[in-house]
Amino acid sequence: MSHVEDELKDQPACWTRAAAEVIRFRDRLPAPGERVAYVGCGTSYHMARAAAALREDAGLGETDAHPASEFPARRRYDRVVALTRSGTTTEVLDLLVALRGHVPTTAITADPHTPVMTAADRAVVLDYADERSVVQTRFATTVLTLLRAHLGLHTDAVIQDARTALTAPLPQGLERAAQFTFLGRGWSVGLAHEAALKMREAALAWSESYPAMEYRHGPVSVTTTGTATWMFGPPPDGLAEVVRATGATWVADGLDPLADLVRAQRLAVATAVARGLDPDRPRHLTRSVILTDP
C-alpha cells in the first residue's frame, strides 16, 4: 500500500484533532474585521482559495487568496496567512521575508524545523498531519478544517461524511474515464481545483476544474461518453441533466464538500494504480519547490 493511501485514510482523526485544538491558535489566526490574505503554492493555494471564500461569506472581513508568487505588493492587508506543508517553499519564504515589519504574518505548516518558523511572525504547527508522500492529502484538508473550525463552521457531521467518503465505493469504472471535470460553487471552487490537481499529479490524468456556472460557457464541449463530471456541493438546477445528456458520468453524492474531496483523492490514487503509476512519487515533482539563484 502506498503512503498516500495510508495518509488519506487518517483524515477523520486529523480533522477531529484540529477542530479540538483550534482554541490554542486563536491569537495567531485572523480576527473578525481584519482584511486578510491567504497565500500558498499548488495544493496550499487551492486550500487558501477555499478558506478565503468561507471567511468572507461568513461576514468576518474582506479576504483574498493569492499564489505566493503573485502576491499584489501594493494591496494592503491587516494579516497574511501562509499555508506551507514543507515550510521550505521558496516563493512563500520570500514573501514572508518581504512582508516582515509591514504586515503581521502567520504560517501554518507541518514541520517545525524549517525556515518558515522564523520567516513568519507567528506559526501554527500541524505536525501530526505531515505526510511522506509527495502528493498532499491530509495536511491540506486538516489546515482547511482548522480554519473552518476557527470560523465556527466545522461540525461532527463533517467527520462522519469523511468516514463515509473513505468507505463508500467509487462509481464502477470511474478510474478508467478519459477525462475528468470538477465543479464547485463558492468555497468549493477551490476544492474542485484541488481535485483536478490531484488527478494530474498522481495519475497524469486529463482533468479540468471550473465554477459550476461557468461550465456551460465552453468547457461542457469536452464532455462526452467516457468522461466524468464531478460536482462538489449542490449543483445548479438542470446541470446534472445537461451532463447526463452528453453520455458522461455525473458524480454528486451530497457529502460535505471537504469530505467529498477525500473521495476525489481516492479516485486519483485508484486511477494512478490502474495506469501502473506510483501515486507517492509523481513525475517531475518534489515535496517542496526550492528555487536557487541564477
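Results, tabulated for the structure shown:
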| quantity | calculated |
| --- | --- |
| Subset of the stretch 8-39 (residues that are under 19 Å from Gly186 (Cβ atoms) and under 15 Å from the mean Cα position of the chain (by Cα)) | Tyr38 |
| Residue satisfying condition, being buried (at least 24 other Cβ atoms within 10 Å of the Cβ) and either touching a residue at least 24 places away in the same chain (Cβ under 8 Å) or not hydrophobic (A, V, I, L, M, F, W, C) (or both), within set Arg185, Arg176, Arg200, Arg148 | Arg148 |
| Looking only at the stretch 47-74, and only at residues there that are touching a residue at least 40 places away in the same chain (Cβ under 8 Å) and out of contact with any strand residue (DSSP E or B) (no Cβ under 7 Å at 6 or more places or on another chain), the one that is surrounded by the most Cβ atoms within 10 Å (Cβ to Cβ) | Ala50 |
| Residue ID - nearest to Leu197 (Cα to Cα), chosen from residues in the stretch 31-48 that are assigned to a helix (DSSP H, G or I) and not aromatic (Phe, Trp, Tyr) | Thr43 |
| Selected residue (only one of Tyr38, Tyr128, Tyr77 is hydroxyl-bearing (Ser, Thr, Tyr), touching a strand residue (DSSP E or B) at 6+ places or on another chain (Cβ under 7 Å) and closer than 25 Å to Gln265 by Cα) | Tyr38 |
| Residue within the stretch 209-216 that is outside the structural domain of Thr229 (by TED's automatic domain parsing), of a type in the set (A, V, I, L, M, F, W, C) and either closer than 30 Å to Thr246 by Cβ or not in a strand (DSSP E or B) (or both) present | no |
| Checklist (1) more than 29 Å from Ala58 (Cα to Cα); (2) among the hydroxyl-bearing types (Ser, Thr, Tyr); (3) surrounded by fewer than 22 Cβ atoms within 10 Å (Cβ to Cβ) applied to Ser133, failing item | (3) |
| Condition met for Leu255 (of a type in the set (A, V, I, L, M) and in the same structural domain as Ala50 (by TED's automatic domain parsing)) | no |
| Helices (runs of 4 or more DSSP H) completely within the stretch 91-202 that count 1 or more residues being at pLDDT 95 or above and within 17 Å of the chain's Cα centre (by Cα) | 138-150, 156-167 |
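The values are calculated or read from the model by the stated rules, or taken from the named source; none is laboratory data. Source: prediction; values computed, not measured. As a convention, Cβ positions derive from the backbone with ideal geometry for all residues, glycine included, and neighbour counts pool all protein chains shown.
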